[in-house]
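What follows draws every value from the coordinates through simple rules; no lab data is involved. What you are looking at is a predicted structure, and each value in this text was computed from that prediction instead of being measured. All Cβ positions, glycine included, derive from the backbone under ideal geometry; neighbour counts span all protein chains shown.
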């Protein structure tokens with residue numbers, strides 16, 4: 001899930017022939033998380049135009065530059081209608097404002113498992129101590145593991161070899177496509193083992 005970020009130096013222009021050159025101040029910011037599924041894995045820049053009355057209530061909102069996805073545009077408009085600006089004042093007098101607000105959306109680059117490994121080891125491999133194994137891996141464009149290696153050893157070579165073998169056998173990632181292009185998949189996973197956690201006799 002990714003979150004939209006506000007553009008820098010957003011300007012507000014008051015109605016009634018006001019020429020206001022200040023950043024918008026928010027009483028309740030618009031917040032909307034967008035998933036990669038909704039954006040189809042694409043980054044987007046877009047803008048929304050809105051009007052707020054003297055109390056800061058959003059009275060009108062519309063897309064001035066589309067994200068290219070109608071469902072996202074509609075979601076943004078609805079979230080803006082729930083937002084509220086701080087009343088804009090000049091010399092103690094509040095004024096309604098009109099604003100064109102740019103946004104930059106970045107699709108999530110977070111790697112997700114299609115099959116997450118569940119590794120259980122024999123208690124005897126722990127040698128009477130809790131152990132942690134870190135595994136760094138790379139996957140192909142289909143999410144298949146192609147390069148797993150020990151990032152942090154448990155200090156027990158037999159345990160490391162078993163965990164690495166099981167990780168390679170069990171793990172698969174979901175393909176990651178951003179802006180229509182497959183991007184490299186890398187991951188660092190940690191596994192903790194003790195007599196009571198992730199172990200068996």
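Nearest 5 percent is fine: what portion of the DSSP beta bridges confined to the chain is antiparallel?
On the way: 49 of 51 bridges.
Given both bridge residues lie in the chain, the antiparallel proportion sits at roughly 95 percent.
Residues 163, 111, 197, 99 in ascending order of nearby Cβ atoms (within 10 Å, fewest first): 197, 111, 99, 163.
Short-range pairs are left out: with C-alpha atoms under 8 Å and at least six residues apart, the relative contact order of the chain is 23 percent. GNM on the chain, alpha-carbon springs under 10 angstrom: the most fluctuating residue among 69, 32, 50 is 69.
Calculate, in nm to one decimal, what residue 78 and residue 172 gain on full extension: separation in residues at 0.36 nm each, minus their alpha carbon distance.
Stretched fully, the residue 78-residue 172 segment lengthens by 30.1 nm.
Taking other Cβ atoms within 10 Å as a rough exposure proxy, 166, 161 sort from fewest to most as 161, 166. Can you give the angle from 0 to 90° between the axis of helix 157-170 and the longest principal axis of the chain, with both taken from C-alpha atoms, to the nearest 10? Roughly 50 degrees, rounded to the nearest 10.
Taking every C-alpha pair closer than 8 Å and separated by at least 6 residues, the mean separation divided by the residue count of the range 113-200 gives a relative contact order of 45 percent.
Compared with the dominant Cα axis of the chain, that is its longest principal axis, helix 70-81 is turned about 60°. Centre-to-centre separation between the Cα atoms of the range 141-160 and those of the range 38-102: 48 Å. Spin-label model, residue 122 to residue 91: label points 7 Å out along the Cα-to-beta-carbon direction sit 8.7 nm apart.
Per 0.36 nm of contour for each residue apart, how much would the distance between residue 149 and residue 179 grow if the chain were fully extended, relative to their Cα-Cα spacing? Don't jump to the answer; show the numbers that get you there.
Numbers: separation 30, 0.36 × 30 = 10.80 nm, distance 2.95 nm.
That pair, residue 149 and residue 179, stretches by 7.9 nm at full extension.
Modelled spin labels at residue 31 and residue 98, positioned 7 Å past Cα toward Cβ, are 3.1 nm from each other.
Could you work out which residue, out of 88, 49, 151, moves most in a Gaussian network model of the chain, that is, has the largest mean-square fluctuation with Cα springs under 10 Å? Result: 151 has the largest fluctuation of those listed.
Under the 0.36 nm per residue contour assumption, what length would be gained going from the current alpha-carbon distance of residue 190 and residue 51 to full extension? Don't jump to the answer; show the numbers that get you there.
On the way: separation 139, 0.36 × 139 = 50.04 nm, distance 4.93 nm.
Using 0.36 nm per residue and subtracting the Cα-Cα distance, I get 45.1 nm.
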